[in-house]
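Below: one structure, written as structure tokens.
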Amino acid sequence: LKYTAIEIDLKQTKDGVFVLSHDETFAGYELGQYNWSELKDVEVTVTRSPGISNPAPASTYTAKLCTLKRYLEICKEYNITAVIELKTSAGISNWTEQNRPDTSRMPALIEEIEKAGMINNIIFLTSQYECLAWTRRNGYDFIPCQYLVSSCENQTYLDTCIKYNLDISFNVRDGVKNSTTWIKKYKDAGLQVSTYTFEQWASYKEIQEWIDKGVDFVTTDWHNPKELELPKNE
């Protein structure tokens, strides 16, 4: 489909292996309670509907967990940006039981990305803003970071983004309000604007409306970019 980036969600196993998963569990296994050696061969079978603009029938596939290492290899092979959403996990969290941020696993994450030769072709995306602030405090100003929120219409969010030079990523669905007035506030501050998520039930018309509003990124599910009218300079 010629996407320019592939976005994934990042979790960790009990022994600290970075794996791709949106959920806390995979095939009934709680990721943080099992070592990678116990999870690497676990399979799950899923049936998926393609969406409203795709006439293809539903398909069934079987999958295993993918590691961050393998994902980065794929991104490097196809020369696409790795967009890594940091989900809450050990050492990657705004708040712990001690009521303080925990960014202790960020150095290990950076090291793995550097080993893969991808440090200059990643974007961090997360609601764990303390982890984004960590990149700025530790010399990684060159890594684009997107602060994940529901609505961007919040002065505290705008101030945080300006303070740490973070881009914003907001929800386009579920009736959440994100006006062009607020989009302009971020753009006027020199920040980029990202949107999530146009899943398989979103139409091309809906996606195009946000592109026309001036957002810099649209996070889509399977849509073909050829069906969209993109800015000429992008």
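The values are calculated or read from the model by the stated rules, or taken from the named source; none is laboratory data. Small disclaimer: the values here were computed from a predicted structure and weren't measured. Because the Cβ atoms are built from the backbone with ideal geometry, glycine has one as well, and the counts that use them run over all protein chains shown. The accessibility values were calculated without ligands, DNA or RNA, using every heavy atom of the protein model including side chains. Shrake-Rupley method; radii C 1.70, N 1.55, O 1.52, S 1.80 Å.
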Subject >> Residues (open to solvent by 40 Å² or more (accessible area, probe 1.4 Å) and hydrophobic (A, V, I, L, M, F, W, C)) located in region 213-234 >> reply: Phe217, Val218, Trp222, Leu230
Original post:
When residues of region 109-145 are filtered for being under 16 Å from the mean Cα position of the chain (by Cα), closer than 18 Å to Ala90 by Cα and in contact (Cβ under 8 Å) with a residue 60 or more places away in the chain, how many remain?
Top reply: 2
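Of all the strands (runs of 3 or more DSSP E) wholly in region 1-73, which have at least 3 residues that are under 21 Å from Thr126 (Cα atoms) and in contact with a Cys (Cβ under 9 Å, 6 or more places away or on another chain)? Please lay out each step first, then the result.
Working: elements: 5-12, 18-20, 43-48, 59-64.
Per the criteria, 5-12.
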Original post:
Does region 190-197 include one or more residues that are modelled with pLDDT of 95 or more, under 18 Å from Leu1 (Cβ atoms) and of a type in the set (A, V, I, L, M)?
Top reply: no
Subject >> Scope region 109-130; condition more than 20 Å from Asp141 (Cβ to Cβ) and either among the small types (Gly, Ala, Ser) or crowded, with 20+ Cβ neighbours inside 10 Å (or both); matching residues >> reply: Ala116, Ser127
**OP:** Find all pairs meeting these conditions: Cβ atoms under 9 angstrom apart; at least six residues apart or on different chains; first residue within region 81-102 and at pLDDT below 95; second residue open to solvent by 40 Å² or more (accessible area, probe 1.4 Å) and aromatic (Phe, Trp, Tyr).
**Re:** Asn94/Tyr129; Pro101/Trp95; Pro101/Tyr129; Asp102/Trp95
**OP:** Within region 191-212, track down each residue that is farther than 20 Å from Cys161 by Cα, open to solvent by 40 Å² or more (accessible area, probe 1.4 Å), touching a residue at least 40 places away in the same chain (Cβ under 8 Å) and not aromatic (Phe, Trp, Tyr).
**Re:** Glu199
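Within region 43-98, which residues are loosely packed, with under 11 Cβ neighbours inside 10 Å and under 22 Å from Gly117 (Cα atoms)?
Within region 43-98, Glu77, Tyr78, Asn79 qualify.
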Original post:
Here is a list of conditions, (1) within 30 Å of Ser203 (Cα to Cα); (2) at pLDDT 95 or above, and Glu112 meets all of them except one; can you say which number that is?
Top reply: (1)
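Okay, residues lined up against (1) under 16 Å from Phe18 (Cβ atoms); (2) basic (Lys, Arg):
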position	(1), (2)
Glu114	yes, no
Phe124	yes, no
Gln128	yes, no
Arg137	no, yes
Leu148	no, no
Glu153	no, no
Lys163	no, yes
